[in-house]
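> One structure, as C-alpha cells, below. Some questions next.
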Amino acid sequence: MPAYAVIGGQWGDEGKGKVIDYLAKDADLVTRYSGGNNAGHTVINEHGNFAFHLVPCGTAWPNTLNAIGNGVVVDPNVLIEEIKKVHDANLPGKIIISAKAHIIMPYHVELDKLQEIQRGSSAIGTTGRGIGPAYVDKVGRMGIRMGELLDPQKLKTKLKNIVDQKNELITKIYDGLPINITDVHDSVDNWHEHLRPYITDVGKKTNELLNQNGNIILEGAQGTLLDLDHGTYPYVTSSSSTIGGAITGTGIAPKEISKITGIYKSYCTRVGSGPFPTELTGSKGDKIRQQAREFGTTTGRARRVGWFDAVAGRFSAKLNGFDSLVITRLDILDEWEEIKICCEYELDGKIIADFPIDIEQLGRCIPKYKSLSGWKTSTSGITQYDDLPKQAQTYLAILESELAVPIYLISTGPERNEVITLNEIVTR
Ligand code: IMP
C-alpha cells in the first residue's frame, strides 16, 4: 500500500495541520519529515484545539502511529511538553521518535538568536528556535542524535568538549553568555528519563507497515518556498521541506510514494524577511491579516499577506510533482469586492512566467494579475462543491488551470469537517 506526501506549496502556514488530521483517519502511520519546533500545525477536532510543533497531526486517531522522522530536529524540552499535552487531552494516537533525529541543544538556540542579531539589517527573521545551528552541526557531523539519549553517561562525557567549543564561539565571537555544562547534563538526564520509551528505528517500522499494506502519510513542515535548496535562499529555513526531504527525512524508498499532494492557502502569507511579489501592504494587508488572524502559531509574529501567486505556485507544483491540490481558507476571501491571482511577473520590462532563482530579480518582479469580482457571500463550513457561489468556483478553476494540477480538497473553515471532498486523497 502506498505512502502519501503532504507538502506546503507556499511559504508555510498553508493549513497542513488541519488537512493531515483529516487525512490521518485512513493512515496507519503519519511521519513528520523535516524542520523542528519552528513549525506550528493547528488542529481542531473532537478532542480540542491544538498547536503542534513537533508531534505529527495524526494523534486523534486510535489506530494511527505518529512518528518524528530522522529529518526533524528535536528540542527535547518542547517535545516533552507536547507529549504531555497529548496525554492530558487523552489523544489516542501513539508517538515514536527516530533515533536518527538530531537534537536542538541549548547552545543552538543561543547561537540562533546571537547570529540573527549579528546579521543586522540582513536578518532572516528566524523563529529563534535553534533550527539553523542544529542543522549546521548535523551537516558538520558534530550533531547529537536522539539515540544518544539512551546512554546518558556517554553523552554527557561527549558534551563536555562540545559545550566548551560552543562557549568559545558564543562568548568570543558573538559576545553572548556561556552555556552552563551542569545545566546541560541535568537536561540530558531529564530527556533520557522522559523520552527513552519513544526512541526507535522509524525507518524499520515504516517498512514493516508497508509490507503489511499500511497507509503512510509523510507530513511536511514549512513550505516549498522556504526549502533550503529550492526556496528563496538565503531567506529560507535550514531543511528540505519539499519531496526530497520526505524521502531522506523518513527513510522510505521513493517508489513507495504514490501520491504527492500540495497544500496551498487561497492567498499567500510569509513570515520573516525575503521577497514576496504579491504582498499587500497598508490597510488591505492589515484587513486580511486581522480577519484571517494571520499571526504565527509559534512566534505570534504578524504574517505578511498577499494575493495568490500562481507563478510561485507552478514552480512548487513542478518541483514536487504534485498530483493533487488542497486549497485552504477559501472562506477568508468571502467579503472581498475584487480578488486577484498573479499569473505572470514583469521583470525589467519583460513578461516572465517562471519563478526566478535570483532573489534580487524576484524582488524586482511586478505581479501581473487576473482579476475577478468577489462572491460576497459566506462559504464558511460549506461541504458540497455545488453549494459554492459561482465566482468561488471560477476562482478555484483558475487556480487549478494555472497550476495544472487537479484540486481534490477545499477547506472552508478550521474544523476538521469543514471541507469539500472532490476526490479522496488517502484511500483504504
Ligand atoms: P528558521 O526556520 O527558524 O531558521 O527560520 C527561517 C525562516 O523560515 C524565517 O523566515 C521563518 O519565519 C520561516 N519559517 C520557519 N518555520 C516556519 C513556519 O512553520 N511557517 C512559516 N514560516 C516559517
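The values are calculated or read from the model by the stated rules, or taken from the named source; none is laboratory data. Because the structure is a prediction, the values reported are computed rather than measured. All Cβ positions, glycine included, derive from the backbone under ideal geometry; neighbour counts span all protein chains shown. Heads up: the accessible areas ignore ligands, DNA and RNA and are worked out on the full protein's heavy atoms, side chains in. Shrake-Rupley method; radii C 1.70, N 1.55, O 1.52, S 1.80 Å.
> Leaving out ligands, DNA and RNA but keeping every protein chain, what accessible area does residue 186 have, in Å² rounded to the nearest 10, with a 1.4 Å probe?
90
> Between helix 310-320 and the chain, what is the angle of the helix's C-alpha long axis to the longest principal axis, kept within 0 to 90° and rounded to the nearest 10?
So the helix axis and the longest Cα principal axis differ by about 50 degrees.
> Under the Karplus relation 6.51 cos²θ - 1.76 cosθ + 1.60, θ = phi - 60°, what is the ordered set of whole-Hz ³J(HN,Hα) values for the range 373-387, x standing for Gly and Pro?
6, x, 8, 6, 8, 6, 10, 4, x, 5, 10, 10, 4, 5, 7
> What residues qualify as long-range amide H neighbours of residue 104, i.e. H under 5 Å apart, gap of 5 or more or another chain, H built at 1.01 Å from N?
74, 75
> Let me ask another. Taking the Cα atoms of the range 247-359 alone, what are Rg (to one decimal) and Dmax (as a whole number) in Å?
16.2, 48
> Fully extended, how many nm does the chain gain between residue 371 and residue 286 (0.36 nm per residue separation, minus their Cα-Cα distance)?
Values: separation 85, 0.36 × 85 = 30.60 nm, distance 2.03 nm.
Contour length minus the Cα-Cα distance gives 28.6 nm.
> Using packing as a proxy for protection, rank 282-291, 341-350, 249-258, 63-72 so that the peptide with the highest average count of other Cβ atoms within 10 Å comes first. Before the final figure, lay out each step's value.
On the way: 282-291: 13.3, 341-350: 15.8, 249-258: 17.7, 63-72: 26.3.
Put in order of decreasing packing, that is 63-72, 249-258, 341-350, 282-291.
> Turning to a different aspect of this structure: Over the range 264-421, what percent of the accessible surface lies on carbon and sulfur atoms, probe 1.4 Å? List each step's numbers first, then the result.
On the way: 3170 of 6690 Å².
On the range 264-421, the fraction of accessible area on carbon and sulfur atoms equals 47 percent.
> Would you grab the residues whose amide H sits under 5 Å from the one on residue 65? Only those 5+ places off in sequence or on another chain, please, with H modelled 1.01 Å from N.
29, 30
> ³J(HN,Hα) across the range 271-284 via Karplus (A = 6.51, B = -1.76, C = 1.60, θ = phi - 60°), whole Hz, x for Gly/Pro?
Going residue by residue, I get 10, x, 7, x, x, 8, x, 9, 4, 9, 9, x, 5, 5 Hz, with x marking Gly and Pro.
> When only C-alpha pairs under 8 Å and at least 6 residues apart count, what is the relative contact order of the range 108-155, in percent?
On the way: 34 pairs, mean separation 16.1, N = 48.
Reported as a whole number, the value is 34 percent.
> Given just the C-alpha atoms of the chain, how large is their convex hull per residue in cubic angstrom? Intermediate values should be presented prior to the final figure.
Working: hull volume 57.4 nm³, N = 428.
About 134 Å³ per residue, rounded to a whole number.
> To the nearest Å, what is the center-to-center distance of the range 69-112 and the range 373-428, using C-alpha atoms only?
34
> Over the chain, what is the mean sequence separation of C-alpha contacts under 8 Å (at least six apart), divided by residue count, expressed as relative contact order in percent? Don't skip to the answer; put the middle values down first.
Values: 987 pairs, mean separation 86.8, N = 428.
Once normalised by length, the contact order is 20 percent.
> Using a cut-off of 24 Å between alpha-carbon atoms, which lysines can reach residue 340, once sequence neighbours fewer than 8 places away in the same chain are excluded?
Cα-Cα hits under 24 Å: 16, 265, 284, 287, 318, 350, 368, 370, 376, 390.
> Given the chain, what percent of its DSSP beta bridges are antiparallel, to the nearest 5?
Numbers: 25 of 62 bridges.
Among the beta bridges of the chain, antiparallel pairing accounts for roughly 40 percent.
> At 222 nm, what helix-only mean residue ellipticity would the chain give, in deg cm²/dmol to the nearest 500, using -39500 (n - 2.57) for each DSSP H run of four or more?
Numbers: 12 runs with 133 residues, N = 428.
Helix-only estimate at 222 nm: -9500 deg cm²/dmol.
> Can I ask one more? Compute the FRET efficiency between residue 258 and residue 49 as 1/(1 + (r/R0)^6), taking r as their Cβ-Cβ distance and R0 = 30 Å, and round to the nearest 0.05.
Numbers: r = 32 Å, r/R0 = 1.07.
About 0.40, to the nearest 0.05.
> Next up: For the chain, with every protein chain kept in place, what is the accessible area per residue (1.4 Å probe, Å²)? Before the final figure, lay out each step's value.
Numbers: 17400 Å² over 428 residues.
For the chain, the solvent-accessible area averages 41 Å² per residue.
> Residue by residue through the range 35-48, which ³J(HN,Hα) values in whole Hz follow from phi under the Karplus form 6.51 cos²θ - 1.76 cosθ + 1.60 (θ = phi - 60°), with glycine and proline marked x?
Values, residue by residue: x, x, 8, 6, 7, x, 9, 8, 9, 10, 8, 5, 8, x Hz.
> Sticking with this one: Compute the distance in nm between two label points, each set 7 Å from the Cα along the Cα-to-Cβ direction, one at residue 359 and one at residue 428.
Simple spin-label model gives 4.6 nm for this pair.
> I would also like to ask the following. Which far-off residues, 5 or more places away or on another chain, put their amide H under 5 Å from the one on residue 45, with H placed in the peptide plane?
Residues meeting the amide H criterion: 50.
> Multiply the residue gap between residue 400 and residue 139 by 0.36 nm, knock off their C-alpha separation, and tell me the result in nm, one decimal place.
Numbers: separation 261, 0.36 × 261 = 93.96 nm, distance 3.81 nm.
In short, 90.1 nm is gained.
> If the chain between residue 88 and residue 182 were fully stretched, how many nm would it gain, using 0.36 nm times the residue separation less the Cα-Cα distance?
30.8 nm
> Please give the FRET efficiency for residue 175 paired with residue 196, using the beta carbon to beta carbon distance and R0 = 30 Å, rounded to the nearest 0.05. List each step's numbers first, then the result.
On the way: r = 37 Å, r/R0 = 1.24.
Computed FRET efficiency for residue 175 and residue 196 comes out at 0.20.
> Just check the range 149-287 against the gyration tensor rule for me: Cα atoms, a ≥ b ≥ c as the square roots of the eigenvalues, rounded for a/c under 1.5, and otherwise prolate or oblate depending on whether a/b exceeds b/c. Before the final figure, lay out each step's value.
Numbers: a/c = 2.59, a/b = 1.17, b/c = 2.21.
Judged from the Cα gyration tensor, the range 149-287 comes out oblate (a/c at least 1.5, b/c at or above a/b).
> Which number gives the lysine pairs in the range 112-254 that have C-alpha atoms under 27 Å apart and are eight or more places apart or on different chains?
Here the count comes out as 22.
> Quick one: net charge of residue 236's neighbours, Cβ under 12 Å, K/R +1, D/E -1?
Working: positive: 270; negative: 227, 229.
So the surrounding residues net to -1.
> Under the definition of Cα pairs under 8 Å and six or more residues apart, what whole-number percent is the relative contact order of the range 103-195? Kindly include the intermediate steps, with their values, before the conclusion.
Values: 80 pairs, mean separation 27.9, N = 93.
RCO, the range 103-195: 30 percent.
> Same structure again: So how far, in whole Å, is the C-alpha centre of the range 307-360 from the one of the range 200-262?
Using only Cα atoms, the two centres lie 23 Å from each other.
> A further question follows. Please compute one quarter of the surface area of the Cα convex hull for the range 103-195 and express it in square nanometres.
Working: hull surface 24.1 nm².
Average of the hull's projected areas for the range 103-195 equals 6.0 nm².
> Among DSSP beta bridges lying fully in the range 264-421, give the percent that are antiparallel, nearest 5. Working shown, then result.
Values: 19 of 26 bridges.
DSSP beta bridges in the range 264-421 are roughly 75 percent antiparallel.
> Next question. Report the FRET efficiency, 1/(1 + (r/R0)^6), for residue 204 and residue 351, where r is their Cβ-Cβ distance and R0 is 41 Å, rounded to 0.05. Walk me through the numbers before you get to the answer.
Numbers: r = 51 Å, r/R0 = 1.25.
Taking R0 as 41 Å, the efficiency between residue 204 and residue 351 is 0.20.
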